[in-house]
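One structure below.
Derivation of every value follows stated rules applied to the coordinates shown; laboratory data play no part. Keep in mind the model is a prediction, meaning the values are calculated, not measured. So basically every Cβ, Gly included, is an ideal-geometry build from the backbone, and we count neighbours across all protein chains shown.
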Amino acid sequence: MDLQTILLPNSLQGAAVLTVVLAFAGYLVTFLSSRMLARRTDMLKLVNMRLNEFYGPLFVASQAGNIAYRSLLNKQGKTQSEPILDSEMKEWVLWMTTIFMPLNDIREKIIIEKAYLIVEERMPQCLLDFVTHVVGYKAVLSKWAEGDYSERRSTIGWPPEFDTYVTHSYYALKAEQTKLLHGSLWGAYNRVAKRRRKR
């Protein structure tokens, strides 16, 4: 028996083992990457739902309400609506019934019907406070419809942290959406771009 005959089967066996190992490694990489891609796709779908059905509409309605409110105050030459003077009451009723309450109704509906899209595990208190604020205004508007203007505002005050919560949540989800859409290369590009801007 010569040396070549002894070594040839061993090298064939080694090649076969190497082929099996490489095939398994390829399968493992494909499996893990497809699993990561599926998970990323699911996360993007959830973020998109939260943006499109909850935080996006809530953000737009809130921004519109804030712009309208500041516009009314500017028109009246005031920095805050309190107190509502008798001379301002007609205009206050007009703005409440045609602008503020329709926007409040939109936000209330979103919060009640799409609460399952809230990012947190528990309902944020500012959202509950907002809904009760709107309910209080519904009672006031019912009195106005009957000609009773003794109450001018909801007995339940505007939650001051509501707008901050909505804005922060919206921008955080937009950032997460961008990250999921563009992946780690986008994140690396943004970090480099931020460093260059700081210089």
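Quick notes
- Neighbour-count order for 71, 169, fewest beta carbons within 10 angstrom listed first: 71, 169
- Residue separation of residue 79 and residue 116 scaled by 0.36 nm, minus their Cα-Cα distance, works out to 9.7 nm of gained length.
- Unit charges on C-beta of K, R, D, E only; dipole of segment 50-175, Debye: 300
- Taking all Cα-Cα distances within segment 80-163, those exceeding 23 Å account for 26%.
- As a rough footprinting exposure proxy, the listed residues 49, 96 were ranked by other beta carbons within 10 Å of their own, and the order from fewest upward is 49, 96.
- Listed peptides 153-161, 55-63 by packing density, highest first (mean Cβ within 10 Å): 55-63, 153-161
- Links that overshoot a 24 Å alpha carbon limit, given the list 75/114; 75/143; 114/138: 75/114; 75/143
- Cross-link partners for residue 198 among the lysines, with Cα-Cα distance under 26 Å and sequence neighbours closer than 8 places in the same chain left out: 174, 179.
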